[in-house]
Every structure is written in C-alpha cells, then in structure tokens.
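To keep things clear, I will list the structure first and then write my remarks on it.
The values are calculated or read from the model by the stated rules, or taken from the named source; none is laboratory data. What you see is a predicted model; the values in this text were computed from it and never measured. Heads up, the Cβs are rebuilt from the backbone with ideal geometry, glycines too, and the neighbour counts pull from every protein chain shown. Areas reflect the complete protein model, heavy atoms only, side chains present, ligands, DNA and RNA absent. Shrake-Rupley method; radii C 1.70, N 1.55, O 1.52, S 1.80 Å.
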Amino acid sequence: MKTNFNFDYCPDDARSLAPGGQLHSKVRSEGIDTLRLSELEPGRDATVAWIEGTRPEDLRLAELGLLPETPIKAVRRAPLGDPTEFELRGYRLCLRRREAERVRVRLNGKPGGIPRGPG
Amino acid sequence: MSEAALPSPLRLGLVGSPNAGKTTLFNALTGMRAKVANYPGVTVERREGALDAGGRRVVVIDLPGTYSLNPLSPDESIVSEVLDDAVPGVRAPDALVVVADACSLERSLLLVGQVLQRGRPTCLVLTMIDEFSARGGRLDRARLENALGIAVIEVIGHRGLGVDRLRELIASPERWGRPVLLPPGDLVERANWVRSILSHTLHLRPTQHRLTEAIDRVVLHPLWGSLLFAGVMVWFFQLIFAWATPAMAWIERGVGAAAAATHAWLPPGLLADFLADGLIAGVGSVVIFLPQIVLVFLVLYLLEDLGYMARAAFVVDRVMGRVGLEGRAFVALLSSYACAVPGIMATRTIPSPQDRLVTILVSPLMTCSARLPVYALLIGAFVPAAAVWGPIGLQGLVLLGLYLLGASSALLVSAVLKRTLLPGDGLPFTMELPSYRMPSWRLLVSQVWGSARAFLRRAGTIILGVSVLLWILLNFPRVEAPSDLPSAQAASYALEHSLAGRLGRAIEPAIAPLGFDWKIGVGLIASLAAREVIVATLAQIYAASDQGSSLRTAVRSDRDPRTGKLVFDAATVAALLVFFVFALQCMSTLATMRRETNSWRWPAFAFCYLLVLAYGASFATHRIVSALGGAA
C-alpha cells in the first residue's frame, strides 16, 4: 500500500481558494463578521464565507459544497459532542470540529429555514 | 471528438458519489452476475458486469463512489486514473453515466461538471426521484437536459423504473448530446455554473425528508439515541449467536454425515481417512461458520442500506477518534465479534486507507466466535461455577473479562499503530448521513450472496490446502500402536508419534515458559488453521470424546509423568486463555486480509505481531498467576 502519496490535482480548481483569490478577497473587503463553522450553534443558519487554507483537504471541503454563499445549517452535535451534523445543498454532512474550524461562515439574521426557491 | 462508432463491446463507466444509488443501478443493469476483482496496487474493489443493449454487448464498470475527481488518496485516484486510461490492464470507459441523487443535485452537479470536462460521451441519471417528489422537490428534466447539453434520465433504481429508458440510451452513445461549452474548471466558477443551471431548472428545492428527521430525533438523541445504539448492538450479537446456532448444528451434522458416508463407501485406508478426516472435516470446520457469516453480512448490509450505519458511526466517532480511528471502524470491529472475515470486509466503508489498514490489523483481537469453544472448554473445566453477585457467576465474569481484554487490546494496538507505523494520511473525516430508505431486497441479496460466495471460494482454495497439510502432519508417519492398547488410546499414541506430535515435542522448550507442554503444543499447531480445532485435537490426544465432561475430566487430572505436577494448573490455564485472546489462528482471516490489502505483507505482519503479543502476554500471565500461588 502506498503510504507516500504524491498526486497532482488540477491546480485550476484551487485558484479561487488561494489567498488573494476570489474567496478571500470578496468577503474580507466587505468587512463582514464571520465565525467558525464549528462555533455555529445547532439550529442556526449561516452562509459560508470562505475556507481557511489551500491544502487538498480544504479543497475537498469546498468540493463537498462548502463554497462561498452556500446556505448551511448546523443540525445537531453527536451525543458525545463531536462530530456535528450540517445541512447544506440538499444533503446532510457530518464534520468533526477539526474540519469545521477551518470554514468561516456568517450568520443569517434570524433562525429560519434554508430558502426553498432556487438560487 | 469524431462521430465514429464506438468500439464493441462498449465500455460504460458509472460515476457518482457514494449513496447516490449507483450500485443499485449497476445491479439493475447487469443482474447479479458482476465480476469482482481488485484494481492493481490498491485495495479498491473493481466491479464489472455486462448487458446486451440494442443488440450490442456493453460492459458496465461500477467505478468507486467519489465526491470529486481530485483524489486525496491512492484509492480515490482510481476513478480519475481509470478515466484517463492510466491504469494498466483497465481500458478507459468509452462512455460515462453519472449517477446522482436528485435530492442533492446542488452538490452532485459539481461532480457532473468535473466529469463533463473529460469530453467523453456522458449522460446523467437522476436517482431517487420518488423521494425527491415526496420531499416537495420540483425539477424540469427537459430544461436540465438543455442546460447541461446531455441526456438526463430519471430513475427509481430499487423499483427498476426508468431503467429501460436507460438501456435504450446505452444502446447508442454515439447519439448522446454533447455540451456546447465545457463547464468551468475552477471550483468556484463551477459552483456559479451550477447555480445558474439550477435557477433555470429547479423550481423547488426538496425540504428535508420528514421521516428521516423524525427518526433521527430519536436515533441521534443524546440519551435515547445512545440507548438505542446500545440496544441495536446487543440485538446484533444475540442474533448472530442465537439464530446461527441451529444452522451451524445442521451443517455440523451434514459434514459428519459426509465424512461417515465417505468411510462407508470407500475401502478403509488412507484415501478414506484423507477424504473424510482431512478434506471434509477440514473444510467443514470453516464452512460451519457460514451461517454466522451470512447473518453478519445480512445485518451489516441491511443496516447500511437502511441508512442506520452512518448514524452509528456518528454516535461513536468521538471515542474512535481518541484511538486514531473513526466511527465507521467501530461497525467493522463490532462485526469481528462474530467473525473477523465479514468484519475485515466491512472496513471497505472506511475511506482513509491508513485507517482501514489499522482496523484490519486489529480485527483479530476482537473475540470471534471461534474462540468460544476453547473458552468454554477451559472455563468449564477450570473455573469454579461459583456465584459472585446474585445471578452473576465467576465463569461468566471470566468470559466477559476475556471479551473486554480483546476489545481494549484492539483499541490500544490501534492507538499505537496510528502513532508509529501507520500515522494518519491527512484525510479529513467527512461522512454523509443519507435519508432512511427501504432497502431493495434484490440489492441486499446480491450483496450478501457476493460476500458469502467470496468466503466460500476462499474456503475452497487456501483452507483446503491448509487442511490437507494439517491432516498430513497429524497422520504421518503412520505408526503401529502396541496391540494391547484400546483403540481410543491407540489413536492418542499415533498422534504422539506423528509429525505434528514431534513438532509439539520440538517446540516444547519454547512454550514451556508459558506453562505449555507438548500436547498443548500440538493443539496450538493444529489451531493455526482455525482456533477451535484445538478442542478436537486435545480430544484426540486425550483419547476422549470432546462432548461434555470426559475431555474436561481428562484435562483436569492430567499429570506430567516425570514430575507428577498437573499439566493444566491455574497458571497454565490462564496463560492458555490469554494466548487465545491474542494469537491469530485462522486461515480464513489471513486469506481475507490478503484479499482486502492486496498483498501478503500485511497478513504476515498481523500474524507476527499478534504472535509476539500472545507470547508476551501469555508469559506475563503465567508468571503472575504462578507468583500468586497458582502453580501446582
């Protein structure tokens, strides 16, 4: 089994994630308050702002749908406190605190549902 | 790409994320006749089947489920490598079918965009349309076709609806629509592309699945969820032992009858003995576990297809994380409590190759059911049936203690392995919680049958070979016992002078520090094939029947002729029990490890480290118990 795995994924896919790229600059320039996804309380809605980091693992989080302007809701924590169940893009995803920490979101006003209309 | 006709047989690749219903669709297209193998160099399962579509033969390749074509591990890279025609011996598919769950289209379209970039003839199959509508989702399929530029088909996989339309489509991929513009490569731009497509085609997002929400309120409730979880696990156990037992007894009778028939039909002599006691009994001793294995697979696949497995992993993940593993490893390890074979195969649900390997390597430490006959003999013979507290007896406590020792060792060893030999591969823990669904019985049967068939094939090859070897060791050289010995004791005499007996004597100095003598040595050698064989071997050595008390009395009263000391004193019994907790004595497990890790290196490593552990722990136990006054 290969343990030192060198792969090269398409760097294009990570362009926006890089500092200075679309993800970082857009939200930062607007000076919006963000919090870590791991801090989002169960039952609250938020919108993804950006992901810290440009490692392949971070790209994977983005590929799972954690992209800017994506509505996301924390559903519940596991009985032992970790991982947390999130609802986004029509499905349920579980993330440990370690991964959720790297995602920054901004709160949506009042608690409510993810909008039903498209877009 | 030109409009030239595609080769025949046509190779069709199924791509999609896990939980999208890809395998159900694969089964619906190809029936239960899939050919299963491994991709070279990795442990990912390779599944291919065939069908006839429009008079043309089509080979369907069920590629591993993936959320993205950008891999994070060698296993994940298989999908993009196969598509790039970069895997030796595996020709790239000529056309691609992307399978996506209609409910999570917002996420799945990201993958669709990636696949479209490959420029191959592609079509999209939307599954679970029934759930989509039930959840209030509204989608314009024709508009989606236009927007994407490729054919889009809606199916309800487990009911086979829409599959005929797909078969028609498969007959002529040359005529599939192609997108005018390829989707953007950059992820964020691709997300914008997805949003614009959906704004034109998705009229209403599906709300959450009400049934799933209701069930999860209980199942994932901090208190009720944990209780339910514990309850399900206990039920799992009970099922395995209670339901499998009648079937196992039936097989045992069958094997016995086959052996007896062989003795009856063939003239007495070497051939009859070889066939009846070597081959039939040997393979039979493994096949007898088939009911249990089938049951475990059935429960595993049922819970998985229902959607419960992910919840179990979610509940237990934190504890598993402390030892370097993850929630899905728990389910695999739990299965190993019945038998390591399905347990090891269940590790396929673990995406991280390192985690999967570590889980495989510690699986033998879980107290499998083959240990029970050994424990039953030793505990029954040597542990007093005293009550400790009300209905709880000493014997039961010792058994429980052995179970706990196995489980805690598994967790400990995995923590050590993750910190030393096999540190993490950096794969982030992510897990989808699918909606609860009624499992497709056809899929369930095909899954269970596929796994059971693999086990049987192994029993027919490796175990056959080892059974033959063992029979030879136990029966050669043929020695004539003194004619005045009764026949049972003559058998014991013959055993003592066989190769195995001599091997037992030869290793006696090595196992003496553990308190074992040559008879136990022979038993240990025999048990290398399968643990419970030691009971039958000891029975043969002590020339007793291994039912009930005669073997028990025999081992209790056996004394070393030279020293007069008890062979089985407390220290020896304790050491022997501990030895069986740790040692890997199972050909089936080794064979399964070989298959799942695609090499002999890891089974060999497992065998060695467990032998070292067994010896060390056994030695320590013997010393401690002797010091506490347990030696005769």
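Return the percentage of antiparallel bridges among DSSP beta bridges fully within the protein assembly as shown, rounded to the nearest 5 %.
Working: 41 of 60 bridges.
In the protein assembly as shown, DSSP labels about 70 percent of beta bridges as antiparallel.
Computed over the alpha carbons of the stretch B:295-438, Rg followed by Dmax gives 17.2, 51 Å. Can you grab the distance from the C-alpha centre of the stretch B:289-334 to the C-alpha centre of the stretch B:10-25, Å, no decimals? About 23 Å separates the Cα centre of the stretch B:289-334 from the one of the stretch B:10-25. Using the Kirkwood radius built from alpha carbon pairs, what does the Stokes-Einstein equation give as D for the stretch B:277-349 at 20 °C and 1.002 mPa s, in µm² per second? Approximately 162 µm²/s, per Stokes-Einstein. For residue A:73, the aspartates and glutamates whose Cα comes closer than 13 Å to its Cα, not counting residues fewer than 8 places off in the same chain, are A:39, A:41, A:45, A:85, A:87. Out of the total accessible area of the protein assembly as shown (probe 1.4 Å, heavy atoms of protein only), what percent is carbon and sulfur? Carbon and sulfur atoms account for 61 percent of the accessible area of the protein assembly as shown.
Of the residues B:167, B:623, the one with the largest accessible area comes first in the ranking B:623, B:167, computed with a 1.4 Å probe on protein heavy atoms. Taking the chain by itself as reference, the stretch B:44-78 contains these residues with an accessible-area loss of 40 Å² or more in the full protein complex (1.4 Å probe, heavy atoms): B:67, B:70, B:71, B:72, B:74.
For residue B:53, the residues 5 or more places off, or on other chains, whose built amide H falls under 5 Å of its own are B:58. Annotation for the stretch B:490-513 versus the stretch B:171-187: alpha-carbon center distance of 71 Å.
Only one residue of B:622, B:149, B:59 has its Cα farthest out toward the positive end of the dipole of the protein assembly as shown, where Lys and Arg carry +1 and Asp and Glu -1 on Cβ, and that residue is B:149. Here the stretch B:353-383 and the stretch B:583-610 have alpha carbon centers that stand 14 Å from each other. Among the protein heavy atoms, those of residue B:319 account for about 80 Å² of accessible surface (1.4 Å probe, every chain in place).
Dividing the alpha-carbon Rg of the stretch B:585-632 by 2.2 N^0.38 Å yields what?
On the way: Rg = 15.7 Å, N = 48, 2.2 N^0.38 = 9.6 Å.
Here the answer is 1.64, to two decimals.
Taken along its three principal axes, the alpha carbon spread of the protein assembly as shown comes to 95, 59, 43 Å, from the longest extent down to the shortest. Each of B:603, A:68, B:259 was placed along the dipole of the protein assembly as shown (beta-carbon charges, centred on the mean Cα), and the one lying farthest toward the positive end is A:68. Within the straight-line cut-off of under 15 Å between alpha carbons, the aspartates and glutamates reachable from residue B:519 are B:496, B:508, B:558, B:560, B:569, sequence neighbours fewer than 8 places apart in one chain being disregarded. In the stretch B:57-164 the Cα-Cα distances spread across 5 Å bins starting at 0 as 2, 11, 20, 24, 19, 13, 8, 2, 1, 0 percent of all pairs.
For the stretch B:101-144, accessible area lost to neighbouring protein chains reaches 50 Å² or more, against the chain alone with a 1.4 Å probe, at B:106, B:107. In the stretch B:394-435, comparing the full protein assembly with the chain on its own, the residues that lose 50 Å² or more of accessible surface at a 1.4 Å probe are B:428, B:429, B:430, B:433.
A plus B alone minus the pair: what accessible area, both sides summed, probe 1.4 Å, in Å² to 100? Walk me through the numbers on the way to the answer.
On the way: alone 7920 and 28240 Å², together 31140 Å².
Interface between A and B: roughly 5000 Å².
Expressed in nm², what is the orientationally averaged projection area of the convex hull enclosing the Cα positions of the stretch B:179-316?
Working: hull surface 67.6 nm².
Reported value for the Cα convex hull: 16.9 nm².
Remark on residue B:433: its backbone amide H falls under 5 Å from those of A:92, A:93, A:94, a criterion applied only to residues 5 or more positions apart or on other chains, H modelled at 1.01 Å from N. The base-10 log of I(q)/I(0) for the stretch B:182-252, evaluated at q = 0.11, 0.17, 0.26, 0.27 Å⁻¹, reads -0.65, -0.80, -1.06, -1.09 [Debye formula, identical scatterers on Cα atoms, solvent excluded]. If contacts are Cα pairs under 8 angstrom and at least 6 residues apart, what is the relative contact order of the stretch B:29-168 in percent? Reported as a whole number, the value is 16 percent.
When only the Cβ of Lys, Arg, Asp and Glu is charged (+1, +1, -1, -1), the dipole of chain B relative to its Cα centre reaches about 300 debye. Residue ranges B:427-433, B:611-617 sort as B:427-433, B:611-617 when ordered by packing (mean number of other C-beta atoms within 10 Å per residue, highest first).
Would you mind giving the average projected area, over all directions, of the Cα convex hull of the stretch B:359-425 in nm² with one decimal? Walk me through the numbers before you get to the answer.
Details: hull surface 22.8 nm².
Answer in nm², one decimal: 5.7.
A cut-off of 5 Å between modelled amide H atoms, ignoring neighbours fewer than 5 places along the same chain, links residue B:182 with no other residue.
According to the square roots a ≥ b ≥ c of the eigenvalues of the Cα gyration tensor, what is the shape class of the stretch B:425-479, taking rounded for a/c under 1.5, prolate for a/b larger than b/c otherwise, and oblate for the remainder? Judged from the Cα gyration tensor, the stretch B:425-479 comes out oblate (a/c at least 1.5, b/c at or above a/b). Alpha-carbon geometry of chain B: the Rg and the Dmax are 28.6, 95 Å, given in that order.
On alpha carbon coordinates alone, what is the Rg over Rh value for the stretch B:116-178, Rh being the Kirkwood radius?
Ratio of gyration radius to Kirkwood radius: 0.99.
Would you mind calculating the relative contact order of the stretch B:489-610 from Cα pairs under 8 angstrom and at least 6 residues apart, reporting the percent as a whole number? Intermediate values should be presented prior to the final figure.
Details: 121 pairs, mean separation 26.2, N = 122.
Once normalised by length, the contact order is 21 percent.
Mean partner shielding of peptide B:313-325, defined as the number of other chain Cβ atoms within 10 Å of each residue Cβ, is 3. The solvent-accessible area of residue B:565, taken with every protein chain present and a 1.4 Å probe, is close to 110 Å². Per-residue surface analysis assigns residue A:34 an accessible area of about 40 Å², computed on protein heavy atoms at 1.4 Å probe radius.
Normalising by the residue count of chain B, find the relative contact order in percent from Cα pairs under 8 Å and 6+ residues apart.
Numbers: 973 pairs, mean separation 66.0, N = 632.
That works out to 10 percent.
For the residues B:493, B:542, a 1.4 Å probe over the protein chains yields an accessible-area ranking, largest first, of B:493, B:542. Normalised radius of gyration (Cα atoms, divided by 2.2 N^0.38 Å) for the stretch B:368-523: 1.58. Computed over the Cα atoms of the stretch B:519-602, pair by distinct pair, the Kirkwood hydrodynamic radius stands at 14.4 angstrom. Global dimensions of the stretch B:329-403 from alpha-carbon coordinates: Rg and Dmax equal 15.8, 47 Å.
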